[in-house]
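**Q** If you scroll down you'll find the structure; I have some questions about it.
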Amino acid sequence: MSDFKVLVINPPSRYTTNVVRDVIYGCWCKGKRIGGGTVPPFFLISIATVLQNAGFDVTLMEAMAEQIPQDRIYVRPYRAVVTSTSTMSFGEDSYVLEYFKKRNPDLFSVVYGSHTTFMPKAAVQKASVDVAVRREPEYTVRDVLLAKRDGTDWRGTPGIAYMDPDKGPVVNDRAEYLNIDELPYLNVDLLPKNI
């Protein structure tokens with residue numbers, strides 16, 4: 001296993017016990033709950049499995065389902081954090097990443113989901129977001145973190161956006177669509193046992 005530890009997380013919420021990112025659109029309307037659901041975090045498990053197969057030391061944390069508040073999440077041992085986001089949750093998700101980065105200033109953040117796919121420039125305007133992944137996340141996240149771990153330039157990775165201090169937001173060409181049949185079987189053992 002690599003000493004490059006990665007936290008793959010479904011982040012907590014300060015406002016509610018059920019935030020569904022990118023599964024059911026519009027679960028809130030004018031402050032009233034109109035829908036919601038509880039499903040396993042399939043994309044998070046898939047990303048964590050791909051990273052584990054690439055040699056990373058991965059922790060999958062379901063902070064939403066386990067109701068773990070952000071101040072109980074210890075990010076010091078991690079070199080990178082990966083999370084999903086949606087347009088509805090992006091403000092709060094970027095706040096959680098900011099909170100993590102205050103506790104671990106070297107933490108490298110990678111965010112994916114519908115919001116980063118359709119609004120990558122807006123996503124990387126937040127200082128707490130190092131990389132915004134567009135479209136399918138598994139191999140793009142892996143490639144970025146492999147480059148980061150190996151000390152090579154991750155900025156050329158297809159399918160990402162990032163903030164260049166001189167040029168502003170940079171959006172790379174799209175990554176190729178992945179062949180879903182090539183993805184590994186999900187390692188459900190990464191899920192917490194008590195949910």
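**Q** Is there a quick way to get the dipole size of segment 106-190? I mean about its Cα centre, with the Cβ of Lys and Arg at +1 and of Asp and Glu at -1; what is the value in debye to the nearest 20?
**A** Working: 10 positive and 14 negative charges, 81 e Å.
Around 380 debye, computed over segment 106-190.
**Q** Next question. Given H placed 1.01 Å from N in the peptide plane, which residues other than close sequence neighbours of F4 have an amide H under 5 Å from its amide H?
**A** Amide H neighbours of F4, under 5 Å, 5+ apart: D57.
**Q** List, in order, the whole-Hz ³J(HN,Hα) value for each residue of segment 176-192 obtained from phi through the Karplus relation with A = 6.51, B = -1.76, C = 1.60 and θ = phi - 60°; use x for Gly and Pro.
**A** Once θ is set to phi - 60°, the couplings for segment 176-192 become 5, 4, 8, 8, 4, 5, 8, 5, x, 4, 5, 8, 5, 5, 6, 5, x Hz.
**Q** What do you get for GluC sites (Glu not before Pro) in segment 97-195 restricted to DSSP loop and a cutoff of at most 13 other Cβ within 10 Å of the site's Cβ? Don't jump to the answer; show the numbers that get you there.
**A** Details: sites: E98, E138, E176, E182; in loops: E176.
Here the sparse-neighbourhood loop sites are E176.
**Q** Okay, moving on. Name the aspartates and glutamates eligible as straight-distance cross-link partners of K148: C-alpha to C-alpha under 18 Å, and not fewer than 8 places from it in the same chain.
**A** Here the aspartates and glutamates satisfying the reach criterion relative to K148 are D3, D57, D106, D130, E138, D164.
**Q** Here is a further query. Rounded, prolate or oblate: which fits segment 98-195 when a ≥ b ≥ c are the square roots of the eigenvalues of the alpha-carbon gyration tensor, with rounded for a/c under 1.5 and prolate only if a/b beats b/c?
**A** oblate
**Q** With the radius of gyration and the Kirkwood radius both derived from the Cα set of segment 102-147, what is their ratio Rg to Rh? Walk me through the intermediate numbers first.
**A** Numbers: Rg = 10.8 Å, Rh = 11.0 Å.
Using only Cα positions, Rg/Rh for segment 102-147 is 0.98.
**Q** Using θ = phi - 60° and the Karplus form 6.51 cos²θ - 1.76 cosθ + 1.60, what ³J(HN,Hα) does each residue of segment 145-155 get, whole Hz, x for Gly and Pro?
**A** These are the phi-based 3J(HN,Hα) values: 6, 4, 5, 4, 4, 7, x, 9, 7, 7, 5 Hz.
**Q** If you filter segment 75-166 for trypsin sites (Lys or Arg not before Pro), then keep DSSP loop positions with at most 13 other Cβ within 10 Å, what is left?
**A** none
**Q** Given contacts defined as C-alpha pairs under 8 Å and at least six residues apart, what's the relative contact order of segment 140-195, whole-number percent? The partial results should precede the final answer.
**A** Numbers: 40 pairs, mean separation 12.4, N = 56.
RCO, segment 140-195: 22 percent.
**Q** For segment 51-100, which chymotrypsin sites (Phe, Trp or Tyr not before Pro) are both in a DSSP coil and crowded by at most 13 other Cβ atoms within 10 Å? Display every interim value, and only then the final one.
**A** Details: sites: F56, Y74, Y78, F90, Y95, Y99, F100; in loops: F56, Y74, Y78.
Listed in order of number, the matching sites are Y74.
**Q** Which pairs break 21 Å Cα to Cα here: K5/K126; K126/K167; K5/K121; K102/K126; K101/K126; K102/K193? Mind showing how you got there, number by number?
**A** Details: K5/K126 23 Å; K126/K167 15 Å; K5/K121 27 Å; K102/K126 14 Å; K101/K126 12 Å; K102/K193 29 Å.
Where the Cα-Cα span goes over 21 Å, the pairs concerned are K5/K126; K5/K121; K102/K193.
**Q** Would you work out the relative contact order for segment 45-117, in percent, from Cα pairs under 8 angstrom that are 6 or more residues apart? Write out the running numbers ahead of the final one.
**A** Numbers: 53 pairs, mean separation 24.1, N = 73.
Once divided by the residue count of segment 45-117, the mean separation gives 33 percent.
**Q** First select every other residue whose beta carbon is under 11 angstrom from the beta carbon of V131; then total the charges, Lys and Arg +1, Asp and Glu -1. Walk me through the numbers on the way to the answer.
**A** Numbers: positive: R134, K148, R155; negative: D130, D143.
Residues close to V131 contribute a combined charge of +1.
**Q** What number comes out for the charge environment of P158, summing +1 per Lys or Arg and -1 per Asp or Glu over other residues with Cβ under 15 Å away?
**A** Details: positive: R134, R135, R142, R155, R174; negative: E136, E138, D143, D153, D173, E176.
Combined, the nearby Lys, Arg, Asp and Glu give -1.
Values in this text are rule-based calculations from the coordinates and carry no lab data. Note that the structure is a prediction, hence the values are computed from the model and not measured. Positions of Cβ are backbone-derived with ideal geometry, glycine not excepted, and every protein chain shown enters the neighbour counts.
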